[in-house]
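In what follows, a single structure is set out as structure tokens and then discussed.
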Amino acid sequence: MEDKNNNKILISGNEAIAQGAIDAGCRFYAGYPITPQNELTAYMSEHMKQAGGVFIQAESEISAISMVYGASGCGFRAMTSSSSPGVSLKQEGISYIAAAQLPAVIVNMMRGGPGLGNIAPAQSDYFQATKGGGHGDFHCLVLAPSNVQEAYDLMSDAFDLADKYRNPVIILGDGMLGQVMEPLEAKSEKRKAKKFKKPWALTGCKGRPANVVKSFYMADGALEKFNLILQKKYRSMRQKEQRCAVSFISDAKLIIVAYGSMARIAEGAVNTLREQGKKVGLIRPVTLWPFPEKIFKQLTLKNKRLKFLAVEMSYGQMVEDVRLSVSGKASVEFLGRAGGGIPTEEEIIKKIKKIC
Amino acid sequence: MDKIYSHPKSLRNVSTHYCAGCGHSMLHKLVAQVIDELDIREKIIAVAPVGCAVVAYDYWDFDCSESAHGRAMAVATAIKRLRPENIVFTYQGDGDLAAIGTAETLHAANRGENITVIFVNNAIYGMTGGQMAPTTLTGQKTATTINGRDPQSEGYPLKISEILATLKAVKYVERVAVHDAAHIIKTKSAIKEAFLNQINGVGFSLVEVLSPCPTYWGMPPVKAAAWVKDEMTKEFPLGRLK
Ligand SMILES: Cc1ncc(C[n+]2csc(CCOP(=O)(O)OP(=O)(O)O)c2C)c(N)n1
Ligand code: SF4
């Protein structure tokens, strides 16, 4: 549905992510159906070819992520998407992509788990996304959009970050964000996809020495040396890429911490409480890795009696990063539900009134 | 004087880590020779497996991607779709192609990807120490079938080439062996045909090579070559399947 006057279209989160990726220069997508992200795969099947790219419905998530590995290795912007059980399968490939230092974007529209779980929105894959997921010492950059517009906008950042650091970037959304329809202001003047030089890409060795995309280091000490290079890169990301959105934090006595869809419900609670004169604020991490710890350090340094409440659609995953960030200098409470349960505005308000 | 033999340009001048009498070293050379003869070295993107040939790129002098165990054809699929002007091939052992990667193998073949596959069947897992492979012969002793493969519990040797030959989208399947000079020459021409198919846009082509693993068969190289001829070819008859 298009509004001719202000260039807005009504679109689901899944489709906005797909269009955002295409506008960001993604030219390869491989996926395998799983609810609640099927609209993304379908959108790619319809639009990727028109954009001059390649769409493949793979035989499995493992195959899809391996295709992304191949696509990225030969120099193209590549993406796959799935939901929780499928993302578990992709961990093999994500580890290899991180190890081969390839740029790639992986979308996880989380659903209830563990196991087959259900198809209701949840945020229970936070640990998996931010603490490694696959084998080995590695990190993915993790971005968590909270509405359809941001989901679209973050895609070009995701591909730029992936190329800049030659690293996998995860978009961590959930079934709610994927399914909700909202107006989207697609860039009237499409943001030009940034061009990154890729001298390492496999293109055929004409006029240069052969390139190898690999992660195998057998020689004595070689793997440790390589791991140290990776660690240096992760430190640099930690320094430079922390992002969050904040509201009402300057005079707050209690700050809710919530990301993605959960942050929207939390925002409702903050607005209601503010109307009642309660000094409540909100921090919404946009990068989950690196976690925006700097803001917590600043705030706890200024206000020794500040309290935090982490609200999640999981049973206490992000709260661990909040606790690490305040490093004992503030009290951190937790409210969470999962498996189809979502903390409501009323529950949040009730919890806050109990705390202060 | 005419030069009749020289070191292939596509093969680096380094010493090998493969065991004496191993088929991989012979096959690396054959692949390099074919690529030189077709003059496609600068267009090649190879996909190496997990297995003894994981470091194929230490020997070949052209662009190469590693892949996770069994996933080579998925990696190759993406590369060839995005870079149709390049020549893309996978090089895989039987553990890689016929066990952990069965799904990737079957589906890349069924999609008719215009790639070339070199499938090295040595009836065993070399790199991990001689365990049973899907292709291990009935009665063959391995680290995980110490009394010999028993079809009652381990099933029969898996005939991947026969299976793939039934697929409409598969254009060329041939089984060859590298146990003597005559068969090595045949192997080379099969590999050449598989690459030519890709160059001519014919489609999915696979060459299965029966290849010795003297180390984990527990045989000296000469005996291992004889075992390929006498035992392996009984279960896996040589020739064109498609
Ligand atoms: C996911 C995964 N599982 C297991 C392994 C261990 N592994 C390495 S090589 C190999 C078998 C290789 O056998 P084959 O493909 O026949 O090659 P060969 O070494 O005989 O040439 C296995 C099981 C691995 N690297 N990755
Ligand atoms: S273990 Fe077997 S397959 Fe591996 S290098 Fe030695 S002979 Fe070759």
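The values are calculated or read from the model by the stated rules, or taken from the named source; none is laboratory data. Source: prediction; values computed, not measured. All Cβ positions, even for glycine, are placed from backbone atoms using ideal geometry, and neighbour counts span all protein chains on display. What goes into the accessible areas is simple: the full protein's heavy atoms, side chains included, and nothing from ligands, DNA or RNA. Shrake-Rupley method; radii C 1.70, N 1.55, O 1.52, S 1.80 Å.
You will find that of B:ALA190, B:ALA181, the residue that is buried (at least 22 other Cβ atoms within 10 Å of the Cβ) and away from ligand 2 (no atom under 16 Å from the Cβ) is B:ALA190 and no other. Taking the criterion of being within 7 Å of chain A (Cβ to nearest Cβ) and open to solvent by 10 Å² or more (accessible area, probe 1.4 Å), the residues of the range B:42-51 that qualify are B:GLU42, B:LYS43. When the residues of the range B:20-30 are filtered to those that are out of contact with any helix residue (DSSP H, G or I) (no Cβ under 6 Å at 6 or more places or on another chain) and of a type in the set (A, V, I, L, M, F, W, C), the one that is nearest to ligand 1 (Cβ to nearest atom) is B:CYS22. Among the residues of the range B:67-88, those identified as more than 16 Å from ligand 1 (Cβ to nearest atom), more than 7 Å from chain A (Cβ to nearest Cβ) and not charged (D, E, K, R) are B:PRO84, B:ILE87, B:VAL88.
When residues in the range A:338-349 are screened for being surrounded by fewer than 17 Cβ atoms within 10 Å (Cβ to Cβ) and in contact with a strand residue (DSSP E or B) (Cβ under 9 Å, 6 or more places away or on another chain), 2 of them pass. Only one of the numbered conditions (1) surrounded by fewer than 22 Cβ atoms within 10 Å (Cβ to Cβ); (2) more than 14 Å from chain A (Cβ to nearest Cβ); (3) touching a strand residue (DSSP E or B) at 6+ places or on another chain (Cβ under 8 Å) is not met by B:MET1, and that is (3).
In the range B:214-233, the residues that are closer than 19 Å to B:ALA143 by Cα and away from every other protein chain (no Cβ under 14 Å) never reach a residue that is charged (D, E, K, R) and within 11 Å of ligand 2 (Cβ to nearest atom) with C-beta atoms less than 7 angstrom apart, at least six apart or across chains.
Per the listing A:GLU15, A:GLU92, the residue uniquely part of a helix (DSSP H, G or I) and over 24 Å from A:LEU177 (Cα atoms) is A:GLU92.
Condition check: within 14 Å of ligand 1 (Cβ to nearest atom), more than 8 Å from chain A (Cβ to nearest Cβ) and either over 16 Å from the mean Cα position of the chain (by Cα) or open to solvent by 40 Å² or more (accessible area, probe 1.4 Å) (or both). Does B:HIS17 satisfy that?
Working: within 14 Å of ligand 1 (Cβ to nearest atom): yes; more than 8 Å from chain A (Cβ to nearest Cβ): yes; either over 16 Å from the mean Cα position of the chain (by Cα) or open to solvent by 40 Å² or more (accessible area, probe 1.4 Å) (or both): yes.
When the stated conditions are applied, B:HIS17 passes them.
Sort out which residues of the range B:117-151 are within 9 Å of ligand 1 (Cβ to nearest atom), of a type outside the set (A, V, I, L, M) and in contact with a strand residue (DSSP E or B) (Cβ under 8 Å, 6 or more places away or on another chain), and write them in order of number. Correct list: B:ASN121, B:ASN122, B:TYR125, B:GLY126, B:GLY130, B:GLN131, B:THR135.
At least 2 residues being more than 15 Å from the chain's Cα centre (by Cα) and surrounded by fewer than 18 Cβ atoms within 10 Å (Cβ to Cβ) is the threshold, and among the helices (runs of 4 or more DSSP H) wholly inside the range A:137-253 those reaching it are A:222-240. When B:GLY95 is tested against (1) out of contact with any helix residue (DSSP H, G or I) (no Cβ under 7 Å at 6 or more places or on another chain); (2) at the interface with chain A (Cβ under 8 Å from one of its Cβ atoms); (3) within 25 Å of A:LEU89 (Cα to Cα), just one condition goes unmet, and that condition is (2).
For the range A:314-327, taking the residues that are over 18 Å from the mean Cα position of the chain (by Cα) and closer than 15 Å to A:ILE295 by Cα, the one that is surrounded by the most Cβ atoms within 10 Å (Cβ to Cβ) is identified as A:SER325. Scanning the range A:113-127 for residues that are surrounded by fewer than 22 Cβ atoms within 10 Å (Cβ to Cβ) and not hydrophobic (A, V, I, L, M, F, W, C) gives A:GLY113, A:PRO114, A:GLY115, A:GLY117, A:ASN118.
The residue list A:GLN50, A:GLN57, A:GLN19 contains one member that is under 18 Å from the mean Cα position of the chain (by Cα) and either open to solvent by 10 Å² or more (accessible area, probe 1.4 Å) or acidic (Asp, Glu) (or both), which is A:GLN19. Could you check the range A:118-138 and list, in sequence order, the residues that are over 16 Å from A:GLY336 (Cβ atoms) and of a type in the set (Asp, Glu)? Within the range A:118-138, A:ASP137 is the sole residue that qualifies.
Number of residues in the range B:193-226 that are of a type in the set (A, V, I, L, M, F, W, C), closer than 19 Å to B:ALA165 by Cβ and within 16 Å of ligand 2 (Cβ to nearest atom): the value is 2. Taking the listed residues B:VAL34, B:VAL54, the one that is out of contact with any strand residue (DSSP E or B) (no Cβ under 8 Å at 6 or more places or on another chain) and either within 11 Å of chain A (Cβ to nearest Cβ) or within 12 Å of ligand 1 (Cβ to nearest atom) (or both) is B:VAL54, with no other qualifying. Looking only at residues that are touching a Phe, Trp or Tyr at 6+ places or on another chain (Cβ under 7 Å) and not in a loop (DSSP other than H, G, I, E, B) in the range B:121-141, which one is farthest from ligand 2 (Cβ to nearest atom)? Among them, the one singled out is B:THR138.
Look at the range A:70-94: where a residue is over 20 Å from B:MET73 (Cβ atoms) and within 11 Å of chain B (Cβ to nearest Cβ) and a partner is charged (D, E, K, R) and open to solvent by less than 20 Å² (accessible area, probe 1.4 Å), sitting 6+ places away or on another chain with Cβ atoms under 9 Å, you get A:ARG77/A:ASP163. State yes or no: is B:ILE44 touching a Phe, Trp or Tyr at 6+ places or on another chain (Cβ under 6 Å) and under 22 Å from B:MET73 (Cα atoms)? Yes: the conditions hold for B:ILE44. Residues in the range B:61-99 that are within 16 Å of ligand 2 (Cβ to nearest atom), open to solvent by less than 10 Å² (accessible area, probe 1.4 Å) and either part of a loop (DSSP other than H, G, I, E, B) or farther than 29 Å from B:VAL14 by Cα (or both): B:ALA98 only.
Of the residues B:GLU162, B:GLU104, the single one that is part of a helix (DSSP H, G or I), more than 12 Å from ligand 1 (Cβ to nearest atom) and surrounded by 24 or more Cβ atoms within 10 Å (Cβ to Cβ) is B:GLU104.
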